[in-house]
Amino acid sequence: MSDYDQPDVTVNDLPQPTLDDVSFDRRVLVMVLLDISGSMSSHAPELYRALARLIQELKNDSIAIKSAELAVVGFGNERAETLREFATVRDLLDAPQVHCDGGTPFGLGLRRALQMLSDRQTELMSRGVPQYKPLVFILSDGCPTDHYAPEALKFAKAAEQHGYNVFALGYGDAADTKVLGSLTPHVFKATSSFSFADWFKWISRSVARVSRSSESDEIEIEVPPGVIKIKV
Amino acid sequence: MKKMKVIVPEPVTGSGHAADNKPCQDRVIHFSGTLLGSSVTIIGLADGAGSVSHSHIGAERVLDLGKSELTEERLLSSIVRKTKFPRLFSSLSSCRVFGIKTYEQMWPAVANDVVQEMQAELTRQSEQIGVSKKQLATTVILALIIDDFVFALRVGDGALAVQTTDGSIQSAFPPKTNSYINETSFITSRDYQVECAIFRNVESILATTDGCEPFFFNQMTGEPQSARLESFFKVAKNEAAESKIAAWLNSPTLRQITQDDLSLVIATRKTNHDNSD
């Protein structure tokens, strides 16, 4: 091969990249796990607006729009509800309407979230799509009303094993931050200046930052406005 | 043994960095010459970590060996001195007698020495500019082509493909397929690993940072995209290859489908036409 003369080729012989080249796809899975028990009902419109804003802000981000896949799971009314299946932000048309009712089946919510994360990761891996560490954001205003402990243990183990970055927010006086602390060291408690809009804006910033990262460092956690970090 | 022709386009700032007004964090180098009667080519690529403040300096320091002040000949002797390659060269004669096994035993030790020297340089640099060493985090791929051998090392990500004289193409360093993107290790990481590879009968090599990597390597299997690589190797032998490949690297489509900085280096045996120049 070394002995042949200069090959007769031009730049046109270089294979060109195309916009639909899936080999460049990258994903960051973002799971939002929301307490939609009856005690959250007065916040349902606010939650809807904050979710809509989160989606819009991610759509406005040139990188997150293609790489972030958002799913929303609610737990309330004695069941877990998939409010949005995983989909790239680009493909999300609107935010889910949130209907709050009943108790706080936290364990069911954790189980659903974990199953969805696991299924989606497996699917992406089977297609060879590189992933960033998934982000999980949990919001709850009360104590679990189901037999949550085994699910919490499974979730915490999976999060550690698979490198999920989990952030949990306790909202209101009845929020059980000890339960949240069994899942992650990143537990926050809402203060009087808290707003759902600020919390979801922080989520959007965190997603945008992760989708640009390439390092082994843990994400630097800035405490979002309107919350304090709880030692767990 | 024909000398190598090296194509080293200027790295292209990724659209993500451009949008964030950040500098390109990729750096590339190459040197060619003759040492102790052997034809020697060295290529290097470094990809500074995205979120730390001075990684473009880190990438530069692990590769830069005083390029602006030295002639090529002096530069080569400088890189050889600084990277402790003399150990390799001084053993060259005996290795020729004992064959590739000796090289395989020797190269990992030399490669580790090279990386330690790079780390020492980053320590000096961090003290000089008053930032922590972590802020200089970078990956690195270095390939040393001596006669028909290539000795390569990698810390972190990026990939390297080798075409041998029988035309076959292999991944010397395939992309990392089993980790999250944000689990890349750097030369400054506590748990960094120095990966080593040796190939013989080398016709061409292509090294890339992670920006272009998906174009040249299957992201699921790590296998090289041989047809694409072969096209690049053929064009690399052609006249004006540098400008053609630079134009490819600057393609608006490429900059749209990835936000990463883009860099690649190709080294290929000169053709009869080149050698008669």
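FYI, it's all coordinate maths here, none of it is from the lab. It should be emphasised that the depicted structure is a prediction, and the values quoted were computed from it without experimental measurement. Every residue, glycine among them, receives a Cβ derived from its backbone with ideal geometry; neighbour counts consider all protein chains shown.
For the reader, a short list of remarks on this structure follows.
- Pairwise inverse Cα distances across the protein assembly as shown, averaged and inverted, put the Kirkwood hydrodynamic radius at 24.8 Å.
- Kirkwood hydrodynamic radius over Cα pairs of the range B:208-277, then Stokes diffusion coefficient at 37 °C and 0.692 mPa s, in µm²/s: 247
- Taking a straight line from the alpha carbon of A:LYS157, these lysines sit under 27 Å away, with near neighbours fewer than eight places off in the same chain left out: A:LYS133, A:LYS178, A:LYS189, A:LYS229, A:LYS231, B:LYS176.
- Spin-label pair B:THR253-A:SER193: with each label point 7 Å from Cα along the Cα-Cβ axis, the two points sit 5.1 nm from one another.
- Each label was represented as a point 7 Å from its Cα along the Cα-to-Cβ direction; for B:VAL131 and A:ALA52 these points are 4.2 nm apart.
- Modelled FRET efficiency - R0 22 Å, B:ASN272 with A:ASP13, Cβ distances, 0.05 increments: 0.65
- Relative packing of peptides B:160-168, B:239-247 - highest average C-beta neighbours within 10 Å first: B:160-168, B:239-247
- Take each residue of peptide B:234-241, count the partner chain Cβ atoms within 10 Å of its Cβ, and average: the result is 4.
- Peptide B:251-259 has a mean of 5 when you count, residue by residue, the C-beta atoms of other protein chains within 10 Å of its C-beta.
- Helix A:44-60 axis, angle to chain A major axis (alpha carbon atoms, nearest 10°): 20
- From least to most packed, judged by other beta carbons within 10 angstrom and beginning with the fewest, B:ILE198, A:ILE63 follow the order B:ILE198, A:ILE63.
- Helix A:149-162 axis, angle to chain A major axis (alpha carbon atoms, nearest 10°): 20
- Here B:LYS244 is the anchor, and the lysines within straight C-alpha reach of less than 27 Å, apart from those fewer than 8 places off in the same chain, are B:LYS2, B:LYS3, B:LYS5, B:LYS22, B:LYS67, B:LYS234, B:LYS270.
- Spin-label model distance (nm) - A:GLU78 vs A:ASP21, 7 Å beyond Cα toward Cβ: 5.5
- Across peptide A:16-29, the average count of Cβ atoms from other chains found within 10 Å of a residue's Cβ is 5.
- Crossing angle, helix A:106-126 versus chain A [Cα axis fit, 0-90 degrees, rounded to tens]: 0
- Neighbour counting of Cβ atoms within 10 Å sorts the residues A:ILE228, B:ILE169, B:ILE266, fewest neighbours leading, into A:ILE228, B:ILE169, B:ILE266.
- When you restrict to C-alpha pairs under 8 Å that are six or more residues apart and normalise by the size of chain A, the relative contact order lands at 22 percent.
- Paramagnetic reach from A:LYS154 in the range A:107-128 [backbone N under 12 Å; point 7 Å along Cα→Cβ]: A:107-116, A:118
- Taking other Cβ atoms within 10 Å as a rough exposure proxy, B:LEU264, A:LEU58 sort from fewest to most as A:LEU58, B:LEU264.
- Antiparallel content of DSSP bridges confined to the protein assembly as shown, in %, to 5: 75
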